[in-house]
Amino acid sequence: MSGLVTAISTGITAFSATNIDDMFILALFFSQVNETFRRWHIIIGQYLGFTVLVILSIPGFFGGLIIPKPWIGLFGLVPIVIGIRSLLKQEEDELEEVETEVKDSQHSFLAKFLNLQTYSVAAVTFANGTDNISIYFPLFASSSWESLLVILAVFFLLVGCLCYVAYKLTHNRAIADILTRYGNTLMPFVLMGLGAFILLESGTLTLLNLLNREFLPFF
């Protein structure tokens with residue numbers, strides 16, 4: 001029984017320490033929900049991105065080698081690209097929105113859940129959580145099969161809780177007004193800032209500079 005309690009508390013602590021910063025990003029996403037960008041796109045995208053992080057951390061349980069942090073940091077380019085894309089496409093004409101709705105109505109049931117927005121949320125979740133791997137990896141490596149399963153169950157339960165809390169934040173009048181008024185404008189810059197922070201924090205810029213020194217003489 002004590003092992004179960006320990007695994008649950010460990011899962012809660014590890015998740016809280018590594019994912020609380022996702023709440024603001026999720027709240028921004030939820031503030032942009034419309035006819036073509038649904039709540040389930042955000043929730044499924046969050047689960048997809050988090051699942052990839054967990055899968056990449058699982059080798060720690062089997063004693064594998066972790067990917068060097070500077071290389072993982074290259075995923076910081078993902079939110080930068082998405083932010084630039086959002087900035088360029090902030091103003092869409094009504095005809096394009098109508099065409100998108102018609103196309104969506106012709107998609108399969110599964111396609112309605114797994115569309116471009118879903119993958120965008122998943123990509124941002126993954127890029128923002130690359131540091132999680134360095135924490136989950138040794139955590140999983142030190143876990144037994146039983147505790148690992150409990151920790152994973154706690155993780156995926158808390159992903160849903162995180163989405164719920166972020167969604168509820170958009171229903172706070174003061175927060176909702178700010179997100180509604182400035183959310184679309186802020187989102188591209190938040191994503192680009194997030195990507196830049198990931199590149200700096202992971203030391204990826206140093207890696208790129210080193211690669212530049214190595215290969216520049218050949219050109």
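Taken together, the values in this text are just the output of simple stated rules run on the coordinates, not laboratory data. Remember, predicted model here, so these are calculated numbers, not experimental data. When we count neighbours, we look across all protein chains shown, and the Cβ atoms used for this are built from the backbone with ideal geometry, even at glycine.
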Inset, instruction - Please order Phe126, Phe37 by the number of other Cβ within 10 Å, starting at the fewest. - result: Phe37, Phe126
Legend entry - Cβ-derived FRET efficiency at R0 30 Å, Ala174 paired with Leu77, nearest 0.05: 0.30
Inset, instruction - Using a 10 Å cut-off on Cβ atoms, rank the peptides 18-26, 6-14 from the highest mean neighbour count down. - result: 18-26, 6-14
Legend entry - Ranked Phe156, Phe50, criterion: other C-beta atoms within 10 Å, fewest first: Phe156, Phe50
